[in-house]
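Contents: one structure, followed by commentary.
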Amino acid sequence: MVQPEPTMVLIAEGMELGRRGDRAGARQALAGTWAAIGREEGDPLHRCALAHAMADLQDDVREELRWDERALAAAHALSDERAVAGGVPGGVAGFYPSLHLNLAECHRRLGDAERAREHLALGRAALGALPDDGYGRMVRGGLDRLADRLGGVT
């Protein structure tokens, strides 16, 4: 059995704090991990996973968008080999539907329907990388609901 990477364990612990309702504690824990891994020089898998989680903990949509953009930038720097070695079965492509969903939702909430539709289209284009499981259905449903909020399909 493969042992989880220590940094991924720290990220999961921060996420768990957030799930339990301690958003401030989760942000603090993840901020400490972010400082330790390095903003640009850290492992792209760690940066992507952490920024993706940190975005969900923000109270301000602009700050959420900044974290989502960091996650997307880290995903672009991530290789399939590293993603698979880090426990992402489908490789880096499996990150894109959710990343684009989150970016689209931020843009929608900020009133930028055009950018929201761009990311919605990118998220939908990447859906083939998701398995037909609970997570895949959740992301697909999120993209469908977002399309409805944006007034239809892109």
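Here are some residues: Glu118, Glu81. Which one is exposed (fewer than 14 other Cβ atoms within 10 Å of the Cβ), among the acidic types (Asp, Glu) and either under 17 Å from Leu45 (Cβ atoms) or not assigned by TED's automatic domain parsing to the domain that holds Asp56 (or both)?
It is Glu81.
Just one of (1) exposed (fewer than 11 other Cβ atoms within 10 Å of the Cβ); (2) closer than 20 Å to Ser79 by Cα trips up Thr7, so point out which.
(1)
Filter segment 45-78 down to residues that are crowded, with 19+ Cβ neighbours inside 10 Å and assigned to a helix (DSSP H, G or I), then give me how many there are.
Residues meeting the conditions: 20.
Which residues, taken from segment 87-99, are at pLDDT below 85 and closer than 15 Å to His46 by Cα?
Gly87, Val88 - these are the residues of segment 87-99 that are at pLDDT below 85 and closer than 15 Å to His46 by Cα.
For segment 18-28, state whether one or more residues are at pLDDT 95 or above and of a type in the set (A, V, I, L, M, F, W, C).
Checked segment 18-28: at least one residue is at pLDDT 95 or above and of a type in the set (A, V, I, L, M, F, W, C).
Look at segment 124-140 and say how many of its residues are surrounded by 11 or more Cβ atoms within 10 Å (Cβ to Cβ), out of contact with any Ser or Thr (no Cβ under 6 Å at 6 or more places or on another chain) and part of a helix (DSSP H, G or I).
9
Where the second residue is among the basic types (Lys, Arg) and surrounded by fewer than 14 Cβ atoms within 10 Å (Cβ to Cβ) and the first is on the phi < 0 side of the Ramachandran plot and free of Cβ contacts under 8 Å to residues at least 60 places away in the same chain and lies in segment 67-87, which pairs have Cβ atoms under 9 Å and are six or more apart or on separate chains?
As it stands, the answer is Arg70/Arg39, since those pairs meet every condition given.
Would you pick out the residues in segment 31-44 that are surrounded by 14 or more Cβ atoms within 10 Å (Cβ to Cβ) and either touching a Cys at 6+ places or on another chain (Cβ under 7 Å) or outside any loop (DSSP other than H, G, I, E, B) (or both)?
Selection gives Ala31, Thr33, Trp34, Ile37, Pro44.
The values are calculated or read from the model by the stated rules, or taken from the named source; none is laboratory data. Keep in mind that this is a model prediction, so the values were computed, not measured. Reconstructed Cβ throughout: ideal geometry from the backbone, glycine too, with neighbour counts over all protein chains shown.
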